[in-house]
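A quick write-up on the structure given underneath.
The values are calculated or read from the model by the stated rules, or taken from the named source; none is laboratory data. No experiment lies behind these values; they were computed from the predicted model shown. Glycine also receives a Cβ, built like all others from the backbone with ideal geometry; neighbour counts cover every protein chain displayed. Accessible surface is based on the protein model in full, side chains and every heavy atom, while ligands, DNA and RNA are left aside. Shrake-Rupley method; radii C 1.70, N 1.55, O 1.52, S 1.80 Å.
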Amino acid sequence: MAHNVLAVANEFLARSASSDVDLTPMHLQKLCYFAHGFNLALKDTELTSDRVEAWEFGPVFPTLYDALKRYGARSVGEQVKERNWASTETQRGNVVVETFTADEMEVIDGVFETYGDFEAYKLSALTHEAGSPWEKIYKPGRKNLVIPNSMIRDYFVELAATAA
């Protein structure tokens, strides 16, 4: 079952809190993208049903962007809530939590262990590499260009094979 990307981000934030790793919105975008990509490649299923778009600084989940834009480049110090974009705490609602399978947790753990302490700019650079889905789809000045899951899957299948 595909999950809300906000719940995936909260899984990374939980790991961050217990490991003294600060995560910015850009970190969370890229970690969620890697987890989604590796889940597509290794488990042949999407981790999140949220769409991925090619923006200037790499692949972006617009839903996650909207939820975290109030942080700017600062660390995200709390779990993401249903309406995280709202201006007051009472309007934001509950923390987005979902139950992940053991396979999904394995992918999320692996991504955090491998990429969790990378600087945000390095994660972004990884998503910009030649032949990446972002590189194939991105058009300067345009935001709403969807990166198809099939393209993400194929790329991460190759990436997983070279890492093995």
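Any idea which of 103, 109 is of a type outside the set (Phe, Trp, Tyr), modelled with pLDDT of 95 or more and within 26 Å of residue 128 (Cβ to Cβ)?
Criteria check complete, one pass: 109.
Go through the stretch 128-145 and report how many residues are at pLDDT below 95 and either closer than 22 Å to residue 2 by Cβ or in a helix (DSSP H, G or I) (or both).
Count: 1.
Taking the stretch 53-98 only, how many residues are among the hydrophobic types (A, V, I, L, M, F, W, C), open to solvent by 90 Å² or more (accessible area, probe 1.4 Å) and in contact (Cβ under 8 Å) with a residue 60 or more places away in the chain?
Count: 2.
Would you mind finding the one in 113, 106, 135 that is loosely packed, with under 14 Cβ neighbours inside 10 Å and either over 26 Å from residue 56 (Cβ atoms) or not hydrophobic (A, V, I, L, M, F, W, C) (or both)?
Matching residue, one of 113, 106, 135: 113.
Out of the stretch 137-153, which residues are free of Cβ contacts under 8 Å to residues at least 24 places away in the same chain and under 19 Å from the mean Cα position of the chain (by Cα)?
Result: 148, 150, 151.
For the stretch 1-23, what are the residues that are open to solvent by 40 Å² or more (accessible area, probe 1.4 Å) and of a type in the set (S, T, N, Q)?
Matches in the stretch 1-23: 4, 18, 19.
Being in contact with a Lys or Arg (Cβ under 8 Å, 6 or more places away or on another chain) and of a type in the set (D, E, K, R) narrows it down to one of 69, 81, so name that one.
Answer to the check: 81.
Say we look at the stretch 24-52 and pick out the residues that are aliphatic (A, V, I, L, M), open to solvent by less than 10 Å² (accessible area, probe 1.4 Å) and in contact (Cβ under 8 Å) with a residue 60 or more places away in the chain; which of these is nearest to residue 161 (Cα to Cα)?
Among them, the one singled out is 35.
If residue 110 satisfies every condition in (1) over 16 Å from the mean Cα position of the chain (by Cα); (2) under 17 Å from residue 8 (Cα atoms) but one, which is the exception?
The single condition residue 110 does not satisfy is (1).
Please go through the stretch 80-100 and give me each residue that is among the hydrophobic types (A, V, I, L, M, F, W, C), within 28 Å of residue 137 (Cβ to Cβ) and either at pLDDT 85 or above or under 15 Å from the mean Cα position of the chain (by Cα) (or both), ordered by number.
80, 96, 100
When you scan the stretch 50-60, do you find a residue that is β-branched (Val, Ile, Thr) and either within 9 Å of the chain's Cα centre (by Cα) or farther than 22 Å from residue 117 by Cα (or both), even just one?
Looking for residues that are β-branched (Val, Ile, Thr) and either within 9 Å of the chain's Cα centre (by Cα) or farther than 22 Å from residue 117 by Cα (or both), one finds at least one in the stretch 50-60, hence yes.
Given the conditions (1) touching a residue at least 12 places away in the same chain (Cβ under 8 Å); (2) among the polar types (S, T, N, Q); (3) assigned to a loop (DSSP other than H, G, I, E, B), which single one is not true for residue 124?
(3)
Just checking: which of the helices (runs of 4 or more DSSP H) contained wholly in the stretch 1-79 hold 3 or more residues that are farther than 26 Å from residue 139 by Cβ?
5-17, 25-43
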